[in-house]
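**Student:** Have a look at this one before I ask anything.
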Amino acid sequence: MEKSYYNPEDLKKFGNIAEFDAELAAKFFDYYGEVFKEGALTAREKSLIALAVAHAVQCPYCIDAYTQDTIAKGCSEEQMMEAVHVTAAIRGGASLVHGVQMMNKAKKLVM
């Protein structure tokens, strides 16, 4: 089997980032914990958002973590895939809307 650049076992080591800078790691993990607490959005909704963002930033560790988390919070496979499709639509739309910038520049150059 071919090795991947990403080692799934590294996800379990995420807390180890504190080894090189404990103060900043503590601040990050405190902030992270606060962000995912129930608020105007439920923890379940936040988990689905995190799963979608994980796909947008293409983080395999985050995809693994939030696939597990959304399932643990009662999300269905259909809901998870719908979140991924929202990501794909936004990413695609973001690329296409930048086509307007290209069109504006091309029109100036061709005129």
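**Student:** Identify all residues within segment 6-64 that are of a type in the set (S, T, N, Q) and in contact with a helix residue (DSSP H, G or I) (Cβ under 6 Å, 6 or more places away or on another chain); write none if there are none.
**Tutor:** 47
**Student:** Further, regarding this structure: Out of segment 10-27, which residues are of a type in the set (D, E, K, R) and assigned to a helix (DSSP H, G or I)?
**Tutor:** 10, 12, 13, 19, 23, 27
**Student:** Hey, could you check segment 4-41 for residues that are at pLDDT below 95 and among the acidic types (Asp, Glu) and say which is surrounded by the most Cβ atoms within 10 Å (Cβ to Cβ)?
**Tutor:** Going through the qualifying residues, I end up with 10.
**Student:** Which condition breaks for residue 16 when tested against (1) more than 26 Å from residue 92 (Cα to Cα); (2) touching a residue at least 24 places away in the same chain (Cβ under 8 Å); (3) polar (S, T, N, Q)?
**Tutor:** (2)
**Student:** Kindly indicate the residue of segment 76-111 that is of a type outside the set (A, V, I, L, M, F, W, C) and in contact (Cβ under 8 Å) with a residue 24 or more places away in the chain and also nearest to residue 54 (Cα to Cα) among those meeting that condition.
**Tutor:** Per the criteria, the residue is 87.
The values are calculated or read from the model by the stated rules, or taken from the named source; none is laboratory data. Since the structure is predicted, the reported quantities are computational estimates derived from the model, not experimental observations. Neighbour counts are summed over all protein chains in view; Cβ atoms, including those assigned to glycine, are modelled from backbone coordinates with ideal geometry.
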